[in-house]
Structure formats: C-alpha cells, structure tokens
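The values are calculated or read from the model by the stated rules, or taken from the named source; none is laboratory data. Since this is a predicted model, take the numbers as computed values, not measurements. Cβ atoms come from the backbone with ideal geometry, glycine included; neighbour counts cover every protein chain shown. Surface accessibility is based on the protein's heavy atoms, side chains included, excluding ligands, DNA and RNA. Shrake-Rupley method; radii C 1.70, N 1.55, O 1.52, S 1.80 Å.
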Amino acid sequence: MKTTSLKTMICTAAMLTLGAGAAAGQTDEKLVINGETEIITEAPAPAHLEGALDTIYSGWEFRSPTTRAVQMDDFDNPGMIFVDKARQVWNTVDGTEGKSCASCHDDPADSMKGVRAVYPKWNEDAQEVRTLEMQINDCRTDRMGAEAWGYTDTGMTSMVALISLQSRGMPVDVAIDGPAQSTWEKGKELYYTRTGQLELSCANCHEDHYGDMIRADHLSQGQINGFPVYRLKNAKLNAVHSRFKGCVRDTRAETYKPGSPEFVALELYVASRGNGLDVEAPSVRN
Amino acid sequence: MAEGVRARVKVPSSASAGESVVIKTLISHPMESGQRKDSEGNIIPRSIIHRFVCDFNGQNVIDVNMQPAISTNPYFEFEAKIPESGEMKFTWYDDDGSVYEESKSVSVG
C-alpha cells in the first residue's frame, strides 16, 4: 500500500512540474498592432538574469485572447483615448514662462522617439537616476514655470503614455552599468526582499511562479515594457509605480510611495529585466 | 457639461456595392450614472450620452437608446451594407443637450 501511494505521489509531482513549465500561461500568438507594427513579446533573457530566467515574456502573452485582441488595434485600445488627451496638453501653454511641451520638443514623434526604451536613466546634472515622470515634472517646474503634476495623476500617466508610444516596437535597453549601477543594485535587492505579513518578494511570484494561476489569473513575469497600461479593472491608464504599490500592498506591507527613491531603483531594475522586449505602451491588461 | 468629449469613428473609405463593412465608433465621455456620491455624500448628477444614431445618405442604419449602466467611453461596432457611394453620419446626444456629430464618406467603385 505504502509503495503505491508513494508512486502516485511521485507521479503527481512530475505532472505538477510539467504543468509549471514554459507552456503554462504564454501564447504562441504574435502581437502585431494595427496589422503593421510587430512587437517582440518573447526574447532571450538579458545576461544579468542568468540562473534566474532563460526567456523573458511580455505580460501580453499571459492574458486572455480577448484582452490580447484589444491591444492589437489602436482604435479598440482605450489607452489611446488618454494618449489623445495628452497630445492636446502637449500643445497647450502652461506656467509662467508661456511655454508648452511643443515649444521646446516640437513634434513628439521625432523628439521622443526611443526615449521610453532607455528610461529610467542616469541624469548627469542631477546626479541621480530619473524616471520619465521625474523628467516631465522637471520640465514643468524649471522650464515652463508650471506646477508639478502628482506622480501617478492621470494627466501625468497619459503624458508618459504619449511619450512611450513614440518608442513602441523598439526594444527596451536601459543602462545598468556606470553611474546607474548602485541604483540598479538597490533595485535588485528590493526585488528579492520579502515584504509584508505574507513575506513575499517580487521574485516569489514573478520569477518562481509565472504562468501559474494566482486565484483566477495567470501570473506574468511582472515585465514593465507595456507601461503605462490600460487596465480593464479600473478603466484607466496605470503607472509603473501604481502597480508596484498594488503588488507590495498585496503582500500586506506598508508600501513605498510612488516616486520614492526605492520605487525608482526598483523600476530601473525591473525595466532591466525586460531588456530585449519591445516597448508596448499603452498596453491593455485585465 | 461633460468635458473632453471626442468622437472617433473608423469606416473604410471604399467598398464594393452591396458589401457589408465593419464600422467602429467610440466617444470619450465619463458616462456619470447619477447613482454615485461625491466625498461629501452629495449625489453626482447623471450625465450620460442617451442616444446614438448612424445614418447613411439619410437612411437610418442604427439607432441606440442608451441607459446609465453603460460604462465610460461607449464603443459601438456594427456592420452596414453599402449600396452606393455616400456619406455616413454619426450623431451622439448628450444629457446636457450637446450634440456631437461626425461623418465619413464611403466611395463605391
């Protein structure tokens, strides 16, 4: 009797391992937007992930066919409504200097091409790693004489989406060496640090269990190449730091604040885990 | 008055006679249901688009009566038969009396 049950157990264990393999949540479908822009959603993992992951997948791969389809046509993608609004703001004068974004940066299609792919990025003048949000607010306060936006305000996230859109289809390529390295190391430490009453680190879910079910949902690798993302659950664009906050909160921990040095470091590290995946913003997720 | 309302439509610019074409329409609108309360507990007044109409060369294609449970940024996708060249006209009617219009011409050839 004992041997039989042991055998059954081994059998079950083997099946579980199979189930958790590469084919668990991802799709074989290709992401092509508007029938023309091909997006890389699966790529070999960057060198620094050796031993952790072999292949990196965009969160798009883990979503249901209907959700995936919404992102394949800009007309269907509700995130584009926010981009349209940001395009108006881009050309609207604000602040004491009488300037709009367009006064300096002209057409975002030219001036912002490729920008999102390399952010967060080391800023030599400020001697810090900066996110797109920080850069936008720096422009607003220093160059336009306007009030800074809240870090995860819809207006801010929409502007980030407009800028990110100009890099759609270009591979993420954030620098992790040179002056950015210490921030990157800090982000890496945060990624692997367990937090909250549930004692979960980012890696516990997104590295160890991607493709598995978390309640009624497939866990993704937690890649941020698609941010800002339009979420069906709250019908708006969501910033990277809002997502981080939600995740940390779900471990039942006190979270860091959006825009805090901790989340900036984490964003740089998580972005670097997606080096090689294409920028998808604004993406659509559930 | 609802702010930031913008209508978008997607209609193929050409079709063959009698062909059914897919039409997509989306209007950005908050669609405030009238059921919600603000932070002080006062009811936020209802402000929705209550009717959407599409006509082709004066002939009605679709006429939609909309209710408060419809979510923000209403999106409609439907098919229409194109018998001849002409103009497709879209009209949305807002609770506040505003009327938003959009039109696209389709050529048959």
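The residues of chain B expose on average 56 square angstrom of accessible surface per residue, using a 1.4 Å probe on protein heavy atoms.
3J(HN,Hα) along segment B:103-109: 9, 9, 9, 10, 10, 9, x Hz, from the Karplus curve 6.51 cos²θ - 1.76 cosθ + 1.60 with θ = phi - 60°, whole Hz, x for Gly and Pro. Rolling a 1.4 Å probe across all protein chains gives residue B:95 an accessible area of roughly 60 Å². In chain A, the alpha-carbon atoms span a convex hull of 139 Å³ per residue. The phi torsions of segment A:231-242, fed into the Karplus equation with coefficients 6.51, -1.76 and 1.60 and a -60° offset, translate into couplings of 9, 5, 6, 10, 6, 8, 6, 10, 7, 4, 5, 5 Hz, rounded to whole numbers, with Gly and Pro shown as x. The local environment of residue B:89, defined by Cβ-Cβ distances under 12 Å, has a net charge of -3 under the rule Lys, Arg +1 and Asp, Glu -1.
Local charge sum around residue B:50 (other residues, Cβ-Cβ under 10 Å, Lys/Arg +1, Asp/Glu -1)?
Result for the local shell: 0.
Considering only trypsin sites (Lys or Arg not before Pro) in DSSP loops that have at most 16 other Cβ atoms within 10 Å, the longest stretch of chain A without any of them is A:31-112.
Surface calculation, 1.4 Å probe, protein heavy atoms: residue A:255 sits at approximately 50 Å² accessible.
For residue A:66 and residue A:36 in one chain, what is 0.36 nm times their gap in residues minus the Cα-Cα distance, to one decimal in nm? Before the final figure, lay out the partial values.
Details: separation 30, 0.36 × 30 = 10.80 nm, distance 1.93 nm.
Gain in length upon complete extension: 8.9 nm.
When Rg and the Kirkwood radius Rh are both evaluated on Cα atoms of segment B:1-50, their ratio Rg/Rh stands at 1.27. When A:189, A:29 are compared by accessible surface with a 1.4 Å probe, the order from highest to lowest is A:189, A:29. Taking chain B on its own, what percent of its Cα-Cα pair distances exceed 16 Å? Percent of Cα pairs beyond 16 Å in chain B: 60.
Sorted largest first by accessible area at a 1.4 angstrom probe radius, with every protein chain in place, the residues A:96, A:195, A:154, A:251 fall in the order A:96, A:154, A:195, A:251.
Short-range pairs are left out: with C-alpha atoms under 8 Å and at least six residues apart, the relative contact order of segment A:172-266 is 30 percent. Scanning residues 5 or more positions from residue A:195 or on other chains, those with amide H under 5 Å from its amide H are A:200, A:201, with H placed 1.01 Å from N in the peptide plane.
Across chain A, the relative contact order, built from alpha-carbon pairs under 8 Å that are at least six residues apart, equals 26 percent.
For residue A:278, the residues 5 or more places off, or on other chains, whose built amide H falls under 5 Å of its own are A:40, A:172. Apply the Karplus curve 6.51 cos²θ - 1.76 cosθ + 1.60, θ = phi - 60°, to the phi angles in segment A:134-145 and return the couplings in whole Hz, x for Gly and Pro. After applying 6.51 cos²θ - 1.76 cosθ + 1.60, I find 5, 5, 4, 5, 4, 4, 5, 7, 7, 9, 9, x Hz. Taking amide hydrogens as modeled 1.01 Å from N in the peptide plane, which residues meet the under 5 Å criterion relative to residue A:238, leaving out close sequence neighbours? Amide H to amide H, under 5 Å and 5 or more residues apart or across chains, residue A:238 pairs with A:229, A:230, A:231. Would you tally the net charge around residue B:29, using a Cβ to Cβ cut-off of less than 13 Å, leaving residue B:29 out, and scoring K and R as +1, D and E as -1? Here the charged neighbours net out to 0. Average 1/r across all pairs of distinct alpha carbons in segment A:101-234, invert it, and you get the Kirkwood radius: 17.1 Å. Check cross-link reach from residue B:24 to the lysines: straight Cα distance under 28 Å, and skip same-chain residues fewer than eight apart. Within the straight-line limit of under 28 Å, residue B:24 reaches these lysines: A:30, A:85, A:233, A:236, B:10, B:81, B:89, B:104.
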